[in-house]
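What follows is one structure encoded as structure tokens, with my remarks underneath.
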Amino acid sequence: MTCKKCGASIKTNAKFCTSCGAPAASGTEQPIQKGRDLRRWLSWGLVSAGMLGLIFVILLNIKPDRQEKAVARDTPKVAAPEKSNGNALFLLGLKHLKESKDYKKAMECFRGAAEQGHVNAQYNVGVMYERGKGITQDYKEALKWYHKAAEQGNVNAQYNTGIIYFNGKGVPQDYKEAFKWFHKAAEQGYANAQYNIGVMYERGKGINQDYEEALKWYHKAAGQGKAKAQHNMGNMYANGLGVPQDNKKAEKWFLMAAKQGFELSKKKLESMRSKASSPLPSTDKVKPLDSALKYSEYKNTKYNFKALLPSTWESEVKGSAIIFSGAKNTDQFSTTINFQVIPRTSKTSLEGQAQKIREQWANMKNFKLLSQETVNLTGKPAVHMLASFTVASVNKIYNQEQVIIEHTNHHYFIAYTAPEALFNKYRYIMNKTVESFQFLK
């Protein structure tokens, strides 16, 4: 050690400097003070760290309590669900619906969730109102809740909204509104809606008739395995609606639907495969004998054809139409055979004439095109069509069968019309007439 006062050396344990007598402690006071300060700061540091640690521990101890409360809010008890959570109410409603079959409690839960804007709950409330499950059946209320869910993009609600407008349940029938909601669901890929859009385009309900658009939407639904759409695709190709007539493609689609067990397609396939032996569909199994009526040959040299017709029928000429009519007193009905001759040009196709007939039919009340097929009659291409409609004057449903035969200068129309109830019974008159139809040389 060195004396602070005179600079002389001092022994380590000496209390005074031997040279000047100054106390030796003065030379070591400063380091000792620093050591004390360090210990003091270390102490304060430990205390501070301890306090911070305590605060941190307190904070850690508080956080789990808050988390437990949050979990509790997300999982309400079954007996008393909290009204603030729509999804929990919705799930609880499903539990009541599926497990206990308690429709009333399910409805209460769905309604609570729906009022909070839960889209699937809104749809379910609509279903419950429509079916009268857990609540009195009410189509207006069903539509109200379907509409709320549909506006949020729920595809099932959009489809069901369309169904209610289409059928006019609880609201006036409105094909335009039905088309609008079917279209929204169809654009989301809903097969049933795509099929319905096809039907509405084909029949001109709620939208202008458009066979090409009908084919487009049938194709979308058919591609998803919808048997009815596959069947209608077959009809479109068989009848040349929106596409060139193509029996091979028609058979392909009928076969796809038939494999799914669709009966109409099975019958169509049977009919198509028997065409070679029978150009027109067969009549009823039990039909009146041909001898029930006396036939005579009718010739028309102006329009170059002849055919067998019941000899007792009256004839009437209206422009290019020659109408034969008769009645069976026992059945109290009248039926007609109509020959109509239309001059054709190179631009007038067989399908074009068939289209015109369909358009005329479409103006009839409750018109339905039942079938259309391309056949071969008397060595000439022909179209065979069958339709039904309501005759307003007598308010009865009538069927009409028509054959359009393409010849060099004309299209020949042979049409048979009769009340629906008796149409098949006397259809043999049409068959015999068509079979006997010939061109004069």
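Quick notes on this structure:
- Sequence of E151, E177 once ranked by neighbouring C-beta atoms within 10 Å, starting from the fewest: E151, E177
- Sorting M385, M236 by the number of Cβ atoms found within 10 Å of their own Cβ, with the fewest placed first, yields M385, M236.
- Pairs beyond 31 Å (Cα-Cα), from K144/K396; K268/K425; K169/K216; K184/K368; K299/K425: K144/K396
- From the C-alpha gyration tensor of the stretch 193-244, square roots of 5λ in Å: 15, 13, 7
- Computed across the stretch 86-273, the Kirkwood hydrodynamic radius from all distinct Cα-Cα pairs reaches 17.9 Å.
- Normalised by 2.2 N^0.38 Å, where N is the number of residues, the alpha-carbon radius of gyration of the stretch 291-439 equals 1.02.
- Sorted by Cβ density within 10 Å, fewest first, the residues H384, H183: H183, H384
- Cα shape, the stretch 185-273, gyration tensor, a/c 1.5 rule: oblate
Computed from the coordinates by the stated procedures, all read-outs in this text should not be read as laboratory data. From a predicted model like this one, the values you see are computed outputs, not experimental measurements. Positions of Cβ are generated from backbone atoms using ideal geometry, with glycine treated the same way; all protein chains shown enter the neighbour counts.
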